1. How many residues are under 30 Å from ASN43 (Cα atoms) and either within 14 Å of the ligand (Cβ to nearest atom) or among the acidic types (Asp, Glu) (or both) when one looks only at the range 211-246?
2. With respect to the numbered conditions (1) away from the ligand (no atom under 13 Å from the Cβ); (2) closer than 21 Å to THR213 by Cβ; (3) surrounded by 22 or more Cβ atoms within 10 Å (Cβ to Cβ), which one is the sole condition not fulfilled by ALA166?
3. Is there any pair linking a residue in the range 134-156 that is over 19 Å from HIS199 (Cβ atoms) to one that is assigned to a loop (DSSP other than H, G, I, E, B) and among the small types (Gly, Ala, Ser), with Cβ under 9 Å and at least six apart or on different chains, and which?
4. Filter the range 189-210 for residues that are touching a strand residue (DSSP E or B) at 6+ places or on another chain (Cβ under 8 Å) and over 12 Å from LEU154 (Cβ atoms); which is farthest from the ligand (Cβ to nearest atom)?
5. So which of GLN99, GLN92 is away from the ligand (no atom under 16 Å from the Cβ) and farther than 23 Å from ASN220 by Cβ?
6. Take CYS52 and tell me if it is crowded, with 16+ Cβ neighbours inside 10 Å, in contact (Cβ under 8 Å) with a residue 60 or more places away in the chain and under 23 Å from the mean Cα position of the chain (by Cα).
7. Within the range 25-32, can one find any residue that is out of contact with any Leu (no Cβ under 7 Å at 6 or more places or on another chain), part of a strand (DSSP E or B), β-branched (Val, Ile, Thr) and farther than 21 Å from HIS122 by Cβ?
8. Find the residue count for the range 108-128, including only residues that are more than 9 Å from the ligand (Cβ to nearest atom), hydrophobic (A, V, I, L, M, F, W, C) and in a loop (DSSP other than H, G, I, E, B).
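Throughout, read-outs are computed from the coordinates displayed, never taken from laboratory work. None of these values were measured; they are calculated from a predicted model. With ideal geometry, Cβ positions are generated from the backbone for all residues, glycine too; neighbour counts draw on all protein chains shown.
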Amino acid sequence: MSPHSYTISHSSIDSERWEVSTARAKLINSTNVDNAIEFCRSNDVTLLIARCSTSDMKTVQAMEKNGFFLMDTLVNYARDLHKTPLPEDSGQIPIRPVQSRDSEQVQQVACEAFKGYSGHYHADERLDSLECNSVYTSWAYNSCSSKELADEVLVADLEGKIVGFATLKFNSTEELAGVLFGVSPEAQGRGLYRSFMIHGMQWAVANNAQQMTVSTQIDNISVQKVWSRLGFEPHNSFYTFHKWFD
Ligand SMILES: CC(C)(COP(=O)(O)OP(=O)(O)OC[C@H]1O[C@@H](n2cnc3c(N)ncnc32)[C@H](O)[C@@H]1OP(=O)(O)O)[C@@H](O)C(=O)NCCC(=O)NCCS
């Protein structure tokens, strides 16, 4: 299956978390909005989470006509890791690979960093906001041990206390994604995120990647400032819609 084609499937992780039958559609387009709705009706899906390209206004409007609500806008940036030299890291806080004993501290950092984060779950008033926070805390925690979620996790270790983490995952042998990053509020604004990005790029190069990609909410200005300064360029963008069927 091409990563550039439309897919729709039941999401067991969302269904368990929200306690309603949930499906996810990727790269929905105007020719398959009806198909997605039909899939949900015939499979008793209550919540559909659907993503489409921001350049596809026809699909956006088709979804609006069918009662989908916009929940977030994601922007993706990419960097060729060999075109220009990687910047030097001038950070003061040591960064190292995660160890199994760090998982709970990583979870705690995610809990503090992602409280009230403006993702598509938090934007949906029907979803419990405490449970929305736990999307990120459990994702961070599980990334420390699951190779399905992360190929590497880096942590910032400030004299034995973990104050930040970064999860990295290969999209393909050539492309590494910086997936989930969090810095605890006490350590924010000191360049730690920049350090994580540089360490992530170094890890990518050491593991033969040609390109690194990153993704965030369009209003997450802090990270986009860092990416621009490190040579990342805008790549593409997506809207996330939710449709409730009950
Ligand atoms: C986004 C985040 C990772 C930034 O971490 P950080 O270590 O503070 O980032 P840096 O110190 O490298 O700073 C990056 C830029 O953001 C700014 N910034 C950092 N924290 C900020 C805050 N709380 N309010 C406003 N600006 C902030 C910094 O000032 C800097 O910009 P500047 O150089 O123009 O001053 C951190 O705030 C965080 O964990 N946020 C919640 C989770 C998240 O958004 N993760 C990233 C997407 S997965």
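1. Initially, the range 211-246 is screened for residues under 30 Å from ASN43 (Cα atoms), giving 237-246.
Applying the additional criterion that residues be either within 14 Å of the ligand (Cβ to nearest atom) or among the acidic types (Asp, Glu) (or both) yields 246.
Qualifying residue count for the region: 1.
2. With respect to (1) away from the ligand (no atom under 13 Å from the Cβ); (2) closer than 21 Å to THR213 by Cβ; (3) surrounded by 22 or more Cβ atoms within 10 Å (Cβ to Cβ), ALA166 is out only on (1).
3. VAL135/GLY119; TYR136/GLY119; ASN142/ALA150
4. So in the range 189-210, the residues touching a strand residue (DSSP E or B) at 6+ places or on another chain (Cβ under 8 Å) come out as 192-193, 195-197, 199-201, 203-204, 207, 209-210.
Still in the list and also over 12 Å from LEU154 (Cβ atoms): 207, 209-210.
Working: ASN207: 20, ALA209: 19, GLN210: 22 Å.
Only one residue tops the list, namely GLN210.
5. Details: GLN92 fails: away from the ligand (no atom under 16 Å from the Cβ).
From the options GLN99, GLN92, the qualifying one is GLN99.
6. Working: crowded, with 16+ Cβ neighbours inside 10 Å: yes; in contact (Cβ under 8 Å) with a residue 60 or more places away in the chain: yes; under 23 Å from the mean Cα position of the chain (by Cα): yes.
Answer is yes for this residue.
7. In the first step, residues of the range 25-32 are kept if they are out of contact with any Leu (no Cβ under 7 Å at 6 or more places or on another chain); the result is 26-32.
Filter once more, keeping what is part of a strand (DSSP E or B): 26.
Retained after the next criterion (residues that are β-branched (Val, Ile, Thr)): none.
Scanning the range 25-32 turns up no residue that is out of contact with any Leu (no Cβ under 7 Å at 6 or more places or on another chain), part of a strand (DSSP E or B), β-branched (Val, Ile, Thr) and farther than 21 Å from HIS122 by Cβ.
8. 1
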